[in-house]
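Inspection log for the structure reproduced underneath, given as structure tokens.
Please treat every number below as a calculation from the coordinates, not as lab data. Because the structure is predicted, anything quoted here is derived from the model rather than measured. Counting neighbours? That spans all protein chains shown, and the Cβs are built from the backbone with ideal geometry, glycine included.
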Amino acid sequence: MRAAPNPNGPWHLGHARMPAVIGTYCDRYDGEFVVRFDDTDPETKRPDLSAYDAILDDISYLGFEPDEVLRASNRVETYYEYARELIEMGGAYTCDLPAEEFSELKREGTPSPNRDKDPETVLEQFEGMVNGEYSAGEMVLRVKTDIEHKNPALRDWVAFRMIDRPHPREEAADYRCWPMLDFQSGIDDHLTGITHIIRGIDLQDSAKRQQFVYDYFDWEYPEVLHWGHVQIDAYDIDISTSTIKELIDAGDLDGWDDPRAPTLQSIRRRGIRGEAVVESMIGLGMSTSDVDLAMSSIYANNRDLVDEGANRYFLVRNGERVPVGGDEKPAAGSPPLHPNHEDRGRREIPVDDAVLVEPDDLPNDGERIWLKGYGCVRYDDGAFVATGDDIDAVREEGVDVIHWVPADNTVSVTMRTPDGDLTGEAEPGFAETDVDEIIQFERIGFVRVDDHAVDDSVVYYAHD
RNA sequence: GCUCUGGUGGUGUAGUCCGGCCAAUCAUAUCACCCUCUCACGGUGAUGACCAGGGUUCAAAUCCCUGCCGGAGCACCA
């Protein structure tokens, strides 16, 4: 099986579907996973040189290792050879009709006057194309199909056209005569032994077009399945590489891994495992209609994967400083690193004379609240007074449990989320977490530690 | 205009080919409750769907017809 990306940028979430599905199939049935960059248009779908590696990187993030990586722009001579063969069989003809003119004839089912040229002339003109003797728009090579085919999309389609602008890859910069997707892809699928093709509904007619070429060569066409587009909820941004690129260029996004971007690099940085994405993509099935992927599905999968491993810490946003007093006041709090794993030990959070809590968590005056891992306090006149109550206050008397941090010696944290950046103060022990570690800020959510700078750590928010 | 293709709860999906075991599966979501010193994890329960109308049949989500709604192609893009 193969994934045939157009290397125009790093992948967005929707792109994950192809490697997820074919990778899973290949793993399951011991198949071959071929990545073929279909980079045969240096003009309108101009390849982005950095995208080749970025895409391979995205695939590896998803957990797949391609068996073979090809670039169509390395294989142009091969396409020429098959074109020559096709011409000799009388299966293709050079055509100098302007696009609009041919389009009109096609609509009526009228053949191009070039259609019956003898193969020698065609071959000669095709070599002219190969040698760059024509400019863009002057000459194309058409596959001779059926000019009266009831589906106009299949009538004598273009196999090669001229492009004046050099390919960005140096190795391919000299070519001017480029194959169209249907020709290139059709030849490659056969040559690389692809047995099963999955592609989008936008390419519904491709197989039917390519079938004409396969018939000329007497090849057997692979099994084909089409699926609809994937839309993803939870993003304001259009899921399209070009839109994301524009937003980055305009400075609205910091880059492909901005937490607001619907890209694989983004969710990777947020600590979401490729496996979680793959599972969700597999769950979408193979429907030909468009589907909406709920991010919550990816989040649920990821939560399953990371919860056991994620140690717990406190982070207080918009911290309200509240003095703590009372004779029963403990010197420190010691909540467990993980509620289901006492063996991992407990955090020690020393409390001097005040704590920070989130404004929404402040109880009404005179009411009690339980500072998790620390103890019960009563809120009196803007200060907490330790009550010395035991845990039954929570279990039986309905006292709420909240998270908190000491007022001093905290770690400043910037939390980058899909909805923008937040700041807060984390408990001292947070400083000991490793970069790349996935932790949970209790009552807030799972985050990936991105950076521990001297006075401001950065985390990327994954999900709650 | 021509040609493809599809419509099962909020979302995704199973079932549709070979009609009955489907008063419709599973997941996610939402809401309760249990557990719990997190609104995490785990457990229990609830909510919620066969596009519409005809037809065939003892029996239709499944077969047929019509309609409605949607997606895609008809590029010298991929």
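Only residues that are surrounded by fewer than 19 Cβ atoms within 10 Å (Cβ to Cβ) and more than 10 Å from RNA strand B (Cβ to nearest atom): list them for region A:359-368, please. Quick ask: steps written out before the conclusion?
Step one: list which residues in region A:359-368 are surrounded by fewer than 19 Cβ atoms within 10 Å (Cβ to Cβ), which gives A:359-367.
Of everything in region A:359-368, those that are surrounded by fewer than 19 Cβ atoms within 10 Å (Cβ to Cβ) and more than 10 Å from RNA strand B (Cβ to nearest atom) turn out to be A:Pro359, A:Leu362, A:Pro363, A:Asn364, A:Asp365, A:Gly366, A:Glu367.
Restricting attention to region A:369-394, the residues that are closer than 15 Å to A:Pro323 by Cα, within 13 Å of RNA strand B (Cβ to nearest atom) and among the charged types (D, E, K, R) total 0.
Just to verify a result, which residue in region A:28-59, among those that are of a type in the set (Asp, Glu) and more than 12 Å from RNA strand B (Cβ to nearest atom), is surrounded by the most Cβ atoms within 10 Å (Cβ to Cβ)? Checking each candidate, the answer is A:Asp58.
Across region A:76-111, which residue is surrounded by the fewest Cβ atoms within 10 Å (Cβ to Cβ) among those that are among the hydrophobic types (A, V, I, L, M, F, W, C), more than 11 Å from RNA strand B (Cβ to nearest atom) and within 40 Å of the chain's Cα centre (by Cα)?
Residues of region A:76-111 among the hydrophobic types (A, V, I, L, M, F, W, C): A:76, A:83, A:86-87, A:89, A:92, A:95, A:97, A:99, A:102, A:105.
Checking the rest, the ones that are also more than 11 Å from RNA strand B (Cβ to nearest atom) come to A:76, A:83, A:86-87, A:89, A:92.
Retained after the next criterion (residues that are within 40 Å of the chain's Cα centre (by Cα)): A:76, A:83, A:86, A:92.
Working: A:Val76: 21, A:Ala83: 26, A:Leu86: 25, A:Ala92: 30.
Across region A:76-111, the extreme among qualifying residues is A:Val76.
Please work out if A:Leu141 is closer than 30 Å to A:Trp11 by Cα and within 39 Å of the chain's Cα centre (by Cα).
Details: closer than 30 Å to A:Trp11 by Cα: no; within 39 Å of the chain's Cα centre (by Cα): yes.
So A:Leu141 fails the test.
I want to confirm something. Restricting to region A:418-464 and keeping residues that are away from RNA strand B (no atom under 16 Å from the Cβ) and of a type in the set (S, T, N, Q), which single residue is farthest from A:Ala310 (Cα to Cα)? Checking each candidate, the answer is A:Thr423.
Mind listing just one residue for me: the one in region A:218-244 that is near RNA strand B (Cβ under 10 Å from one of its atoms) and assigned to a loop (DSSP other than H, G, I, E, B) and, of those, nearest to A:His15 (Cα to Cα)? Walk me through it before giving the result.
Of the residues in region A:218-244, the ones near RNA strand B (Cβ under 10 Å from one of its atoms) are A:226-233.
Then drop every residue that is not assigned to a loop (DSSP other than H, G, I, E, B), which leaves A:228-229, A:233.
Working: A:Gly228: 12, A:His229: 10, A:Asp233: 15 Å.
Looking at residues that are near RNA strand B (Cβ under 10 Å from one of its atoms) and assigned to a loop (DSSP other than H, G, I, E, B), I get A:His229.
Got at least one residue in region A:296-318 being part of a loop (DSSP other than H, G, I, E, B) and away from RNA strand B (no atom under 13 Å from the Cβ)?
Scanning region A:296-318, I find at least one residue that is part of a loop (DSSP other than H, G, I, E, B) and away from RNA strand B (no atom under 13 Å from the Cβ), so the answer is yes.
Residues that are closer than 18 Å to A:Gly90 by Cα and out of contact with any strand residue (DSSP E or B) (no Cβ under 6 Å at 6 or more places or on another chain) within region A:110-127 comprise A:Pro111, A:Pro113, A:Asp116, A:Asp118, A:Pro119, A:Glu120, A:Thr121, A:Leu123, A:Glu124, A:Glu127, listed in sequence order.
From the list A:Gly63, A:Gly14, the one residue that fits, being in a helix (DSSP H, G or I), under 26 Å from A:Gly271 (Cα atoms) and within 14 Å of the chain's Cα centre (by Cα), is A:Gly14.
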